[in-house]
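Heads up: the structure comes next, in structure tokens.
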Amino acid sequence: MKVHILHANDVHSQLENHMRVGCALRTLRSSLESQGEPVLTFDIGDVMDRVRPETEASLGQVNAALLRALGVDAWVFGNNEGLTVPVDGWAELVQNSGALVFGTNIRDSTGSPLPYFTDLKMYDVCGLKLGVFGVTPNYAKPYEYLGVHVLDPVTEADRAVRTLRRMGAHVVVVLSHLGLRADRNLATTVPGIDVILGGHTHHFMDEPVYEGRTAIFQVGKHAIAFGHTTLTIDDDTKELLAVTGSAIQPATGDPLDSSMEQALNAYLPEIRGRLDESVCELDKPLQTSLERESTFANLLAGVLWEAYPSDLGFVVSGLLNASLLAGEVKRRHLHGACQTPTRPIRLTLTGRQLWNVFERGLQPEITAARGFGFGFRGSSVGGLGFANVHVTGQVKPAGDVRLEEVRIGDQPIDLDKFYRVTTCEYLWLSSVFPEVQQGTDVEIPPPLLRDLLMRHIGDKNIQSDAGLQRVHLSFEQV
């Protein structure tokens, strides 16, 4: 007997690709089922991404509707679902998908399972007991401020495997949004896993790889392809004889799935209305620059500092994708200008650490460095934007910058003093500024930066303050 599993991972709201893959997947599934072959369809997480306007306006509900239209049997939350969709919208997301959502290592603040998630499922596939569960990365600190506990995935996977084996599972499949390296570790650490269908790290694999007796497979990102994994089962003993797999890539001009298109179109009027909502009026343009100080970056730092008061605030302009013109700002404009789904963060740094961060952030090689990972949706890191900070420095003949003075408010910085700082989660997670990663007493409030901009960008005091110069550089005379 052969059991077919069709799976996608890390679609990231590439809606057209998703519908194209959906059409090819549905065609293959129908062909297999017409031959009497059993088929299961899974999604391995990060199906959505709030960089896409349709996802932003519907908070992922349009993506859930596409999963329902495709007829997905089950899926697992990735970090984009878990960390960018408000928790009070999770139940609706699950319901609208029309599928099981595995939350094997996700719990509420009391440690209890969330009622709309499923820990594990035993599928009866023509007499084969196929046990399935799903795990997501345990970004403990970000989830803590959402009132959610994400448990250690290895511990919970071991618990799930033991439970499924006690229930008589012939084969155990894990839907893992942990990434390839973590999947390899899972395979070597937890006995009894037959197949890991993965995602998160966007590895394009042509076929499964093995770690011991466990087959591991994922199919890249952005719905460029989907996976077809086949389990060959002994008809009598139900023993797993072989695991084979392939990545199936539709051509660019291939048709889109009509049911998924219909589901998307049903949401578009509501989405367009939401994106056309007015946010504020700007008296002056908000400029974004990736090379130097800019009013929009200063405003973003000011918005964070206003929402979460501290001694100072700073951001990088790479979090912004565009400038804003004077006049009416609609939701769609703000979404296009600030696409990175990162959160505010408050932490404690010493004056010396801040000095090092600011000096490093003024160097041309840092402003031009490629930003990546941890939800970053810009291009380069960009220049610094400040709130309640003024810096003075000198540009050397070689182009490097040396700080001469930093003032917090109206006082010179004290290198030995501890300062409470408001910045963004991306700078804490990434390696752009190592000192920020060393910050203590970390708080990560729930809203995204873009949500805070929606609330505060219309504040005339913040707008006016953003236009005041914070960075004062002179050129060394040769």
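Near the amide H of Trp75, within less than 5 Å, lie the amide hydrogens of Asp43, Leu100, Val101, Phe102, all on another chain or at least 5 residues away, with H placed in the peptide plane. With both labels modelled 7 Å from their Cα along Cα-to-Cβ, the Thr392 to Met122 distance reads 7.5 nm.
Around the Cα centre of the stretch 2-271, unit charges on the Cβ atoms of Lys, Arg, Asp and Glu (plus for the first two, minus for the last two) sum to a dipole of about 460 debye. Residue separation of Leu468 and Arg166 scaled by 0.36 nm, minus their Cα-Cα distance, works out to 102.1 nm of gained length. Per the Debye calculation on the stretch 99-216 with a single equal scatterer at every Cα and no solvent contribution, log₁₀ I(q)/I(0) for q = 0.10, 0.16, 0.19, 0.21 Å⁻¹ amounts to -0.29, -0.75, -1.02, -1.20. Charge dipole (Cα centre; +1 on Lys/Arg Cβ, -1 on Asp/Glu Cβ; no other charges) of the chain amounts to roughly 100 debye.
How charged is the neighbourhood of Thr155? Take every other residue with its Cβ under 14 Å from the Cβ of Thr155, and add Lys/Arg as +1 and Asp/Glu as -1. In short, -1. Which value in nm describes the separation of the simple spin-label points at Ser31 and Gln363, placed 7 Å from the Cα toward the beta carbon? Once both label points are built, they end up 5.5 nm from each other. Of all lysines in the structure, the ones whose alpha carbon falls short of 19 Å from that of Lys284, not counting any fewer than 8 places away in one chain, are Lys330, Lys460. Taking only the C-alpha atoms of the stretch 278-475, the Rg (one decimal) and the largest Cα-Cα distance, Dmax (whole number), read 15.5, 47 Å. On the beta carbon distance between Ala140 and Phe475, with R0 = 35 Å, the FRET formula returns roughly 0.15.
As a rough footprinting exposure proxy, the listed residues Trp305, Trp90 were ranked by other beta carbons within 10 Å of their own, and the order from fewest upward is Trp90, Trp305. In degrees, nearest 10, range 0 to 90: what is the angle between the Cα axis of helix 180-189 and the longest Cα principal axis of the chain? Roughly 50 degrees between the two axes. Here the residues Thr118, Thr136, ranked from fewest to most Cβ neighbours within 10 Å of their Cβ, fall in the order Thr118, Thr136. Lys and Arg at +1, Asp and Glu at -1: add these up for the other residues within a Cβ distance under 11 Å of Glu425 and post the number. My count for the surroundings of Glu425 gives +2. What residue among Thr163, Phe217, Val389 has its Cα farthest toward the positive end of the dipole of the chain, where the charges are +1 on Lys, Arg and -1 on Asp, Glu, each on the Cβ? My answer, from the dipole projection, is Val389.
Any idea what the relative contact order of the chain is, in percent, if you count C-alpha pairs under 8 Å spaced at least 6 apart? Don't skip to the answer; put the middle values down first.
Numbers: 1113 pairs, mean separation 68.9, N = 478.
For the chain, the relative contact order is 14 percent.
Taken about its Cα centre, the stretch 395-468 carries a charge dipole of roughly 240 debye when the Cβ of each Lys and Arg holds +1 and the Cβ of each Asp and Glu holds -1. Kirkwood's formula applied to the C-alpha pairs of the stretch 2-271 gives a hydrodynamic radius of 18.4 angstrom. Let me know the Kirkwood hydrodynamic radius for the chain, please, with Cα pairs as the basis and the value in Å to one decimal. So the Kirkwood estimate lands at 24.0 Å. Computed across the stretch 24-133, the Kirkwood radius stands at 15.0 Å (inverse of mean 1/r, all Cα pairs). List residues of the stretch 69-107, by number, whose backbone nitrogen lies under 12 Å from a label position 7 Å along Cα→C-beta of Glu270. 92-93, 96-97, by backbone N distance to the label point. For the chain, the longest principal axis of the C-alpha atoms and the axis of helix 295-307 are separated by about 80°. The residue list Pro153, Asn63, Thr189 was ranked by how far each Cα lies along the charge dipole of the chain toward its positive end, using unit charges on Cβ atoms, and Thr189 comes out on top. At full extension, Leu241 and Lys284 could sit 8.7 nm farther apart than now, given 0.36 nm per residue minus the alpha carbon distance.
Taking a point 7 Å from the Cα of Val87 along the Cα-to-Cβ direction, the residues of the stretch 117-142 with backbone N closer than 17 Å to it are 117-118, 136-142. Among beta bridges identified by DSSP and lying wholly in the chain, the antiparallel ones come to about 65 percent. When DSSP beta bridges are restricted to pairs lying wholly in the stretch 2-271, around 55% turn out antiparallel. Gain on full extension, evaluated as 0.36 nm per residue between Lys460 and Ala322 minus their Cα-Cα distance, stands at 47.6 nm.
Read the figures in this text as sums done on the coordinates, not as results from a lab. As the structure is a computational prediction, the values presented were derived from the model and not from experiment. Glycine gets a Cβ as well: all are built from the backbone with ideal geometry, and neighbour counts include every protein chain shown.
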